[in-house]
Structures are given as structure tokens and as C-alpha cells.
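For reference, the structure is listed below as C-alpha cells.
Quick note: the coordinates plus some simple rules give every number you see, no bench work behind them. Since we're looking at a predicted model, the values are computed, not measured. With ideal geometry, Cβ positions are generated from the backbone for all residues, glycine too; neighbour counts draw on all protein chains shown.
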Amino acid sequence: MGMRERRKGRRGETTAKRLLADHDYAIIADTASGIATDDLVVQDEAGCVWSVEVKTRKSIEPALFCGQARKQAGKKRWMLLAHIDNTSSWLVLRKGMRPTVWHQKEESK
């Protein structure tokens, strides 16, 4: 993976962290290290731990991305945050829950 892709991935993960915090998830670990592991580990208000995979690609491939998220989650619940290109919205897929779309908060100018 090139430097440009790594920077894009880190920007996406930074945005994903803010989005998760806005939805009452606490960041437990930022595990992104370029190896086959979850990008983030978070905890919801009920105390459940989630393995989060963050994707910032132009095309969203749910079957492929969810497969990766499931595999990397191990015994944790899995979550996929996939940025919808050219928007401030993210597709959110979580184990045992309906798919939803989250929207980034507008930044004040």
C-alpha cells in the first residue's frame, strides 16, 4: 500500500472515530497497523465491544467488506463503516442489526 492510500485511510479512520463518538461509542483501541486486524475497537453504551473495519473506497462492496470485518473481529461483534463517495455519509453495517446510514456533523466555519 502506498503512502497516498495510507494517508487516505488514516483520514477516513479519524473521521470514523468522530462519527462513532457522535453515536455514543467509546474508542478502546486504534489498531490500524497495516496488517490483517480490525481498524478500531469500540464499546457501545451497553458495554458490548465491537471490531470496526473502516472503508473509504469509491465503490462499496458489502459482501467483501463484511467478510473481512467478520474474519478480523474474531469473537467480538463486527461493524463496517463504509464512506459513501462524494458525500458526508457512511453506510453502517453491524452484526445483528439492520444496515443504516450515518451522517457527519457539519463543521462550524
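Structure notes:
- When each of the peptides 95-101, 21-27, 74-80 is scored by how many other beta carbons lie within 10 Å of its residues on average, the order from highest to lowest is 74-80, 21-27, 95-101.
- Segment HIS103-CYS48, extension gain: residue separation times 0.36 nm, minus the distance between their alpha carbons: 17.5 nm
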